[in-house]
1. Measure out, as a whole number of angstrom, how far apart the alpha-carbon centroids of segment 190-249 and segment 14-82 sit.
2. If r is the Cβ-Cβ distance from residue 94 to residue 2 and R0 is 30 Å, what FRET efficiency results, to the nearest 0.05?
3. Mean residue ellipticity at 222 nm from the helices of the chain, using -39,500 (n - 2.57) per DSSP H segment of n ≥ 4 over the full residue count, to the nearest 500 deg cm²/dmol?
4. Grab every C-alpha pair in segment 91-224, bin the distances at 10 angstrom width from 0 up to the longest one, and report whole percents.
5. Using amide H atoms built 1.01 Å from N in the peptide plane, name the residues 5+ places from residue 123, or on other chains, whose amide H lies under 5 Å from its own.
6. Give me 144, 126, 65 ranked fewest to most by other Cβ atoms within 10 Å of their Cβ, as a rough exposure proxy.
7. Residue 80 to residue 40: extension gain in nm, 0.36 nm per residue of separation minus the Cα-Cα distance?
8. Determine ³J(HN,Hα), in whole Hz, for all residues of segment 195-209 in sequence, where each value follows from phi through the Karplus function 6.51 cos²θ - 1.76 cosθ + 1.60 and θ = phi - 60°; x replaces Gly and Pro.
Amino acid sequence: MKIQKPCRACLTGLVEKTVLLSGGDGRILNSSLRLLNGLFVEGTTPPAIAGTLLAHIRQTTGVWDPYATIKYREYREAVKIMEGLEGSPGDSLEEVLRLSALGNSTDYFTGGSFRQDHLVLRGDMDKLADAIYIKGDEVLMLGDNMGDFIFDLPLVRFLEREGKKVFYTVREYPAQNDLSMEDVRRLGLTAMHPGIISTGKANVGLPREDIAGEIERLWKSDATVIAKGMGNFETISEFDEERQVVYIMRVKCPAVARALDSDIGAYLVHVR
């Protein structure tokens, strides 16, 4: 998805919040905003600009993971909510998809909360079922924020009970409040799901150039590909004519809402 006018406000907010969390001063803030002005050109994607801005702020402040505290707070909240759910989640495909979408409901940038009240999941469920059941025995699931992982686990386990082998992809290094391999190691998340693999990069979303190794093998195979969150949609939608992709997200900005012909706040399962 190419940048649109509303993206400038979101990227400006990203700069301001990241500089603040990094302990940067006005000089770093101003240099980052000047960089944003130079990067905001037609034909680029929001995640590509965000990645360059985040790298600049890391280099000028020396703070490697400014969102660490935010991420762990989201993680603890997600664990608490999941532990409080009655019964064993995951009896039907639609149920685990609702939980997965719920995991994308909140992050540091947009607020929101992990509440199931009035969560209506929109999407073509028949087309989705075909994308999952008619495909091969492997699933490439592209993760997003820290809290998403906890809410994705019922979907992962449902797919495994259906005979699928699920590979869950995270960033190698910190990028915004996305789950990274550093977080996986620190929290011991492979004990929850051993099939976690890395993009090898710190890029927001999954740019085409990051599709390599095991991810490339799965992308080119008959595996089901499931992408969580707007960052993955904004990057992968640039080249998803190559294969079918299932997108799961809560729509949080007008640009993505327009691209998906949806409303801000909607929970979507979009199958290309």
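Only the coordinates and a few stated rules stand behind these numbers; no lab work does. Worth saying up front: this structure is predicted, and the values here are computed from it rather than measured. All Cβ positions, glycine included, derive from the backbone under ideal geometry; neighbour counts span all protein chains shown.
1. About 22 Å separates the Cα centre of segment 190-249 from the one of segment 14-82.
2. With R0 = 30 Å, the Cβ-Cβ based efficiency is 0.40.
3. -14500 deg cm²/dmol
4. Using 10 Å bins, I get a P(r) of 12, 40, 39, 9, 0 for segment 91-224.
5. The list, which skips near neighbours in sequence, is 269.
6. With the fewest neighbours first, 144, 126, 65 line up as 126, 65, 144.
7. Working: separation 40, 0.36 × 40 = 14.40 nm, distance 3.94 nm.
Computed gain between residue 80 and residue 40 is 10.5 nm.
8. Each residue's phi maps through the Karplus curve to give x, 8, 10, 10, 6, x, 9, 10, 5, 6, x, 9, x, 4, 5 Hz.
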